[in-house]
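A quick write-up on the structure given underneath.
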Amino acid sequence: MKFSRYNVDCNSFITSTMETERFELLTPSLLDWRPLTDGQADLLLGALGEPPPLSGYDYLPLGELELLLVVAPQHPLARHRAPLSWRTLRRYRAVATGEGGALLSDQETLTVCDAAGQLALLRLGLGWGCLPRYQVQGLLDSGELVCMTVRGLSPRQRAWIAWNDATCGLAGKWWRETLLANSAIFTIYHTETV
């Protein structure tokens, strides 16, 4: 995650949290719940889907994140009539981040470590991928990527901020409150339906 997108003042964080604790900022490769439930993260921003039925975690809805299926204009999928079927998608490689990032379970997938790598490969026409609108809008506007519709794919996914009550501490509370108070959140997550 690029915290600069939210214009968060990290200096303010350091001076306002008097608690001595270790706090790492990680760039998640997936927008899922695994980093929290596997103990790799104490705070998640933008987890998609419904919260896991586990105790010890708390969460608040952020809104809805608009996900788009995109390909390069030179990719064979760009010539197909919309909406695409899942059967058609399955014939082409997906480009995804992290483990299991493809939408289809038995999909041929080229896996990369982050969204920047995913975008680079998508622009080269090496596959299709799903990314949030805010990450691809400039490339759509410039014609470097095209958006495809898929039958049965909901373009909006409910997004959450979630945290581990036992380990989040004052630092996690500060990040949670600061991020939720920042108006930039509302340019990414659509809140009118939450």
- Query: Out of curiosity, is residue 65 among the hydrophobic types (A, V, I, L, M, F, W, C), buried (at least 18 other Cβ atoms within 10 Å of the Cβ), without any contact (Cβ under 8 Å) to a residue 60 or more places away in the chain and not in a loop (DSSP other than H, G, I, E, B)?
  - Reply: no
- Pick from 89, 145: which is at pLDDT 95 or above and surrounded by 18 or more Cβ atoms within 10 Å (Cβ to Cβ)? 145
- Query: Would you call residue 82 closer than 25 Å to residue 52 by Cβ and either at pLDDT below 85 or assigned to a loop (DSSP other than H, G, I, E, B) (or both)?
  - Reply: no
- Does region 103-143 hold any residues that are part of a strand (DSSP E or B) and among the small types (Gly, Ala, Ser), and which are they? 129
- Query: Which of (1) in contact with a helix residue (DSSP H, G or I) (Cβ under 9 Å, 6 or more places away or on another chain); (2) open to solvent by 40 Å² or more (accessible area, probe 1.4 Å) is the odd one out, the single condition residue 167 does not satisfy?
  - Reply: (1)
- Query: Do the conditions hold for residue 162, that is, is it surrounded by 19 or more Cβ atoms within 10 Å (Cβ to Cβ), of a type in the set (Gly, Ala, Ser) and closer than 30 Å to residue 55 by Cβ?
  - Reply: yes
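The values are calculated or read from the model by the stated rules, or taken from the named source; none is laboratory data. Computed from a prediction, not measured in an experiment: that's the story for all the values here. Ideal geometry is used to build each Cβ from the backbone, glycine not excepted, and the neighbour counts take in all protein chains shown. With ligands, DNA and RNA removed, areas are computed over all heavy atoms of the protein, side chains included. Shrake-Rupley method; radii C 1.70, N 1.55, O 1.52, S 1.80 Å.
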